[in-house]
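Beneath this line is the structure, given in structure tokens, with notes to follow.
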Amino acid sequence: QITTLINHKDKPKRSDKTLQAIQRVGQAVNLAVGRFVTVGEAIANENHELKEEMSIACIEARRAGETIAQLTDVASLDHPESDSHITIFTDKTGVVKAARLLLSSVTKVLVLADRIVIKQIITSRNKVLATMEQLEKVNSFQEFVQIFSQFGNEMVEFAHLTGDRQNDLKDEKKKARMAASRAVLEKCTMMLLTASKTCLRHPDCESARINKDGVFHRMRLALEQVIDIVTDSRPKGENEMAPISIYSGIKEFKNKVEGLRENLYFLSKENLSTMLEVILEHTEDFTDSAYTSHEHREHILELSKQAKMELEQLVSVWMQAQNQKTKDLMEDLEVAILKTCQCMNELKREVHSAATSLAADLLKYHTDHMVLKALKITGVEGNLEAVAEYTCKLSEQKEQLVEMCRLLRHVSGTEPLEITCIHAEDTFQVTGPQIISAAETLALHPSSKIAKENLEVFCEAWESQLSDMSMLLREINDVFEGRRGEKRVYLSLPRPGKHNANLKALKPVKLDTEEQAKIAKLGLELHLLTSDVDSETEKWEDQENEIVQRGQGMSSMAYSMYLFTRGEGLLKTTQDLFHQAEIFATEGTKLASALHAFSDQVRVDDKPLLLLEAEKLISMCKQLQITAKASVQGKSATFTKVDACILKTRNVMTLLCQLLPLSCKLLRKNKAGNGCLKPAPPWREDRIRIGTNAHTPERRAETFGIKSLENHLTSMTFLESK
């Protein structure tokens, strides 16, 4: 709007329509500034240390907005240029000055508000660290449960603040680092619980202490990295530039080589030779690796040798062309440039093939998790010799997977994927020894249920990371094959439903970063509802009951839709989401049918209430079906449909949270089975699982699980502490 005012054309004749349009723009700017400043002033009142600075910036912004409104008050003037009233037509520089003042003061308000957000995140981190210190020193189960409940609440607050911050980050590299750190914190929360319980149960066990210390150390590192990203400080240990990947090295090298077409003097031959040297040094990661096939190793060595020869030829022609620009020399230079770039492309293809084929083979080979299964069995048997044998095999597996991650980093293609590879490498490096210490603890205490549960949690984290690697490998291949750009920008969103036979399906699309931010709150509400539904289904003793199973299925689908709002999970495109919404609605209708059948078993006076709720469910599911099947065109319309589907799914889940306890209560009242409500559980070591009702490895890996943890903790008694 400001740009429109500044750039308006000074025409001799100005129509009423033009004058009215200018005035409307001026008024709109002033109103927008007023709303913005109101928020800024409210923030200032809540944060006294920045109140003075914020108030001054708000006053400047308000004054600039009012000035713009006055200078554009021209609609009522027939001849504004001859009137004594100063307007945009008589004083255009006044508008420019006001615009500059407005933009600078608005920027100042935003910067001050950002400082407040950073302070909130740092304060939240400090609270989490303080509670972690208490958890480390605790000596009794009762005290541990009380402190862990507080820790859970603080972690939820920290997750919300950092999640919002992650959505706000514009730098894809920082966003990827933030996502990696938050993923560590999410997964370590359950590890911290079971590792601490194991230590409390077996206080003299050295392997249990090592296991617990490892979790605390990793969480502290992740918390520190989040603060480094938020405050934009350089991470510890990264004083030097991180080693470049082969992909980024080749890309930069080719850009320099192709730049010789425009300028023969912009770099030295030594610079070009050094760049190639660095790239070829990185290829040694492949040629020296024990896991690279003989064929790939030979091809990489041949191409490395050829690249040196091509560069020598290029430098020779280049030096001649600097002294004498003849037509023949320039043609020779073009040929040398093309041959050098072609050789580098072949080298890039070869290292990509070597890394991805190794990754595919390893992931396929380890998909059965035989070593983890063997560790669990031998641990329960108390067979220390067998556990030692399988821990050696796990260490070998860890080295293979770490090497795989290192090679994939070289060919990842984008900085965010490169960071994801580094995160995966760290995860395997850390989780491997933690599984070993957990297995040793179980072998030393084979009858301990908590030690068994602890080993399960760490094994699930390993399995989850392997599952994530399969997705990462697909993304790396997508980038290489050009199916995904370096920046995750989706400029076009229209895609009618693939189940509509009369419409041709368009290119699949995802939500962009801005859209994810808009829908984040709704997604979070859906996430919390899935935890509530899972908590309710756990209370049913008969887990085979159709109502329970339908409810669990719907909760799992709703969780997938929540992951979609974060740009994660198995639902990759908006069409995937709409299809999932249809299936969710169908499942809801089937649940309503099950409720109708169940109503025949309840007492006459209870039946109307149950049928009323079932009818509500049918109505909501029909509305969701209609919304999911409706065809739309255009980015805005598609996002509106996504928003509507998530909103209606949330409404169904809200109703489900009421239906499940009602049905369970009626079933118990009528004694139609063996009872459905579980008694208040004692401190039983098999009560807590990572990710309540986690139907997929992905769900176990992604969920914070804080809400379900607190539900368990509040109902625990302390029999085991005896």
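The values are calculated or read from the model by the stated rules, or taken from the named source; none is laboratory data. Not measured: the values here are computed from a predicted model. Please note: Cβ atoms are built from the backbone with ideal geometry, for glycine as well, and neighbour counts cover all protein chains shown. These area figures cover heavy atoms from the full protein model, side chains too; ligands, DNA and RNA do not enter into them. Shrake-Rupley method; radii C 1.70, N 1.55, O 1.52, S 1.80 Å.
Part of a helix (DSSP H, G or I), more than 28 Å from Thr431 (Cβ to Cβ) and not assigned by the TED database to the domain that holds Cys405: is that true of Phe253 in this structure?
yes
Given (1) crowded, with 20+ Cβ neighbours inside 10 Å; (2) under 26 Å from Glu284 (Cβ atoms); (3) not basic (Lys, Arg), identify the lone condition not met by Ala451.
Only one criterion in (1) crowded, with 20+ Cβ neighbours inside 10 Å; (2) under 26 Å from Glu284 (Cβ atoms); (3) not basic (Lys, Arg) is unmet by Ala451, namely (2).
For the structure I just gave you, tell me whether Glu440 is at pLDDT 95 or above and not in a loop (DSSP other than H, G, I, E, B).
Yes: the conditions hold for Glu440.
Starting from segment 285-303, keep only residues that are free of Cβ contacts under 8 Å to residues at least 60 places away in the same chain, then list their pairs with residues that are open to solvent by 70 Å² or more (accessible area, probe 1.4 Å) and outside any loop (DSSP other than H, G, I, E, B) whose Cβ atoms are within a distance under 7 Å, requiring at least 6 positions of separation or different chains.
Qualifying pairs under 7 Å: Thr287/Leu301.
Which condition breaks for Arg63 when tested against (1) closer than 27 Å to Lys119 by Cα; (2) surrounded by fewer than 19 Cβ atoms within 10 Å (Cβ to Cβ); (3) modelled with pLDDT of 90 or more?
(1)
Each row is one residue, and each column tells you yes or no for (1) free of Cβ contacts under 8 Å to residues at least 24 places away in the same chain; (2) surrounded by fewer than 20 Cβ atoms within 10 Å (Cβ to Cβ); (3) in a helix (DSSP H, G or I).
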| position | (1), (2), (3) |
| --- | --- |
| Val387 | no, no, yes |
| Gln400 | no, yes, yes |
| Leu407 | no, no, yes |
| Ser412 | no, no, no |
| Gln429 | no, yes, yes |
| Pro433 | no, yes, yes |
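Which residues, taken from segment 247-266, are modelled with pLDDT of 85 or more, open to solvent by less than 60 Å² (accessible area, probe 1.4 Å) and out of contact with any Lys or Arg (no Cβ under 7 Å at 6 or more places or on another chain)?
Correct list: Ser248, Gly249, Phe253, Lys254, Val257, Gly259, Leu260.
Scan segment 149-167 and give yes if some residue there is in contact with a His (Cβ under 6 Å, 6 or more places away or on another chain), modelled with pLDDT of 90 or more and crowded, with 17+ Cβ neighbours inside 10 Å, otherwise no.
no
From (1) without any contact (Cβ under 8 Å) to a residue 40 or more places away in the chain; (2) closer than 28 Å to Ser55 by Cβ, pick out the condition that doesn't hold for Ala113.
Tallying (1) without any contact (Cβ under 8 Å) to a residue 40 or more places away in the chain; (2) closer than 28 Å to Ser55 by Cβ, Ala113 fails exactly one: (1).
What tally of residues in segment 615-642 results from selecting those that are buried (at least 16 other Cβ atoms within 10 Å of the Cβ) and touching a residue at least 40 places away in the same chain (Cβ under 8 Å)?
Residues that pass the stated criteria total 11.
Considering each residue of segment 182-193, count those that are buried (at least 23 other Cβ atoms within 10 Å of the Cβ) and within 14 Å of the chain's Cα centre (by Cα), and give that number.
Final tally of qualifying residues: 1.
Being of a type in the set (Gly, Ala, Ser) and surrounded by 19 or more Cβ atoms within 10 Å (Cβ to Cβ) is the filter here; which residues of segment 568-593 pass it?
Gly569, Ala581, Ala585, Gly588, Ala592 - these are the residues of segment 568-593 that are of a type in the set (Gly, Ala, Ser) and surrounded by 19 or more Cβ atoms within 10 Å (Cβ to Cβ).
Yes/no per residue for (1) more than 21 Å from Asp164 (Cα to Cα); (2) at pLDDT below 75; (3) open to solvent by 50 Å² or more (accessible area, probe 1.4 Å); (4) part of a loop (DSSP other than H, G, I, E, B):
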residue: Arg474; (1), (2), (3), (4): yes, no, yes, no
residue: Lys487; (1), (2), (3), (4): no, yes, yes, yes
residue: Pro508; (1), (2), (3), (4): yes, yes, yes, yes
residue: Leu524; (1), (2), (3), (4): no, no, yes, no
residue: Ser531; (1), (2), (3), (4): no, no, no, no
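Please determine whether any residue of segment 234-246 is out of contact with any Lys or Arg (no Cβ under 8 Å at 6 or more places or on another chain), open to solvent by 20 Å² or more (accessible area, probe 1.4 Å) and in a helix (DSSP H, G or I).
Of the residues in segment 234-246, the ones out of contact with any Lys or Arg (no Cβ under 8 Å at 6 or more places or on another chain) are 234-244.
Next, only the ones that are open to solvent by 20 Å² or more (accessible area, probe 1.4 Å) stay: 234, 236-244.
Add one more test, that the residue is in a helix (DSSP H, G or I), and what stays is none.
Checked segment 234-246: no residue is out of contact with any Lys or Arg (no Cβ under 8 Å at 6 or more places or on another chain), open to solvent by 20 Å² or more (accessible area, probe 1.4 Å) and in a helix (DSSP H, G or I).
How many of the residues making up segment 121-143 are in a helix (DSSP H, G or I), touching a residue at least 40 places away in the same chain (Cβ under 8 Å) and within 14 Å of Lys212 (Cβ to Cβ)?
3
If you take the residues of segment 278-332 that are of a type in the set (Gly, Ala, Ser) and under 36 Å from the mean Cα position of the chain (by Cα), which of them is surrounded by the most Cβ atoms within 10 Å (Cβ to Cβ)?
Looking at the filtered set, the residue picked out is Ser289.
Inspect all residues belonging to segment 267-288 and state whether any of them is over 30 Å from Arg406 (Cα atoms), among the small types (Gly, Ala, Ser) and not in a helix (DSSP H, G or I).
Yes: one or more hits.
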